Each structure stands twice: as structure tokens, then as C-alpha cells.
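*Asks:* First, the structure itself, so that you have it in front of you.
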């Protein structure tokens, strides 16, 4: 999931503490997305934001603290984008529209950074306490959401499938995340578009 957030001139005026904090979070989000967690330093954030290091540590106790707040902001922005493009006329249509929204998001914002959450999950694995736990919750919620929709669609006769809801949701997540990785590698939206087409055809055939 790529995050696009533009900040004029790349510098902040230190008048409003809360406004400055939010801008630092959104700018740090972009840096973490571009460089990853381990390759990003607080000095990188200072340089990108144009703030004094003391001001940065006034709002954030550590790089981990800033990364957590940036991930939460990224999740909020991404969730809002998907929600705006979700067709809730039926459970089946909701699944299809969500898959399409994932593709359009990466198409509009550029695929070269890959998925923010997938990137960090691959980099940190299960070894980084609070951040790893937060990433696990994101993917668990994503799987539960898709699983619930699939079960509803089956119950209402919108689809017929021998797949369990849990297996279906796992297929969607792994196929989309894998395709995003390939799209990032080749700097082309085509792998993700094709993965989405295959997932939708799987639903349409049922």
C-alpha cells in the first residue's frame, strides 16, 4: 500500500504543535515507506521535515514511537481511500470493489514503493515488539473482513464455492500482496492488475 502525502516546500513553521506533529507523522510515513524501518534514522526525518531535532523528540520519544504513529496514519489514509470506493450493494460486490480499489490506489499513487505494511512485515517479521504486533493486527483484521464478506455472500447465494471463508480471505491477501511485490520489482502495475482480474474471475465464476 503506497502512501502519497504532499507537504509544500517540505518545511514546517513551528507555530502550532499539533499541526506540526501531524505533518511530521505524514512526512515520516513517506520516508519509512521509501527507505524501510532499519534504513531510516531520526536524522533522515529531521532532514526531510526541516525541523530541529529537539522539536522532533519533543513530540516522539523514539524512532519506534514515530514509526507506530506513522503506520496508524497510513492505515487511516489507506482505509479512507478504500472505503470511498467500496460498493456495499451486496457482499459479493463489496469484495470485488475492494479488490479493484487496491489496484486503483497503487495505480494512482505509484507502485514503486510497494505495500507499506507488507514491506515492513517482511523487513521486521515477528522480531520487533509493538510494530510487529500492530502489523499482525492489520492483516488479521483484513482477513476477518474478507472472510465475513465471503461467508455472507455464500449464505445469500451470491456465490457458490467449496472454499472456506478463511481460505478465501487468505488467498486474496497473499495473492494481492505477492502481486504488489512483483509490481514493485518490475515497476509495473500489470502483475497487480492481473492478480486482481484472476481473483474477480474466481468470484464471478461461482
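*Asks:* Looking at (1) assigned to a helix (DSSP H, G or I); (2) at pLDDT below 95; (3) outside the structural domain of residue 151 (by TED's automatic domain parsing), which is the only condition residue 73 fails?
*Replies:* (2)
*Asks:* Being surrounded by 12 or more Cβ atoms within 10 Å (Cβ to Cβ) and closer than 19 Å to residue 72 by Cα is the filter; apply it to the stretch 10-26 and report the residue that is modelled with the highest pLDDT.
*Replies:* For the stretch 10-26, the residue satisfying everything is 25.
*Asks:* Turning to a different aspect of this structure: I'm told residue 61 meets every condition in (1) not assigned by TED's automatic domain parsing to the domain that holds residue 29; (2) not in a helix (DSSP H, G or I) except one. Can you identify the failing condition by its number?
*Replies:* With (1) not assigned by TED's automatic domain parsing to the domain that holds residue 29; (2) not in a helix (DSSP H, G or I) applied to residue 61, the lone miss is (1).
*Asks:* Something else about it: Just name the residue that is nearest to the chain's Cα centre (by Cα) out of those in the stretch 54-65 that are farther than 16 Å from residue 31 by Cα and surrounded by fewer than 13 Cβ atoms within 10 Å (Cβ to Cβ).
*Replies:* Of everything passing the filter in the stretch 54-65, 61 is nearest to the chain's Cα centre (by Cα).
*Asks:* Provide a single number: the residues in the stretch 119-178 that are within 19 Å of residue 36 (Cβ to Cβ) and assigned to a helix (DSSP H, G or I).
*Replies:* Qualifying residue count, the stretch 119-178: 18.
*Asks:* To continue, here is another question. For residue 29, all conditions in the list (1) in a loop (DSSP other than H, G, I, E, B); (2) surrounded by 17 or more Cβ atoms within 10 Å (Cβ to Cβ) hold save one; what is the number of the exception?
*Replies:* Exception for residue 29: condition (1).
*Asks:* Output the number of residues of the stretch 35-53 satisfying the condition of being surrounded by fewer than 16 Cβ atoms within 10 Å (Cβ to Cβ) and on the phi < 0 side of the Ramachandran plot.
*Replies:* 9
The values are calculated or read from the model by the stated rules, or taken from the named source; none is laboratory data. It should be emphasised that the depicted structure is a prediction, and the values quoted were computed from it without experimental measurement. Methodologically, a virtual Cβ is constructed for each residue, glycine included, from the backbone with ideal geometry; neighbour enumeration extends over all protein chains shown.
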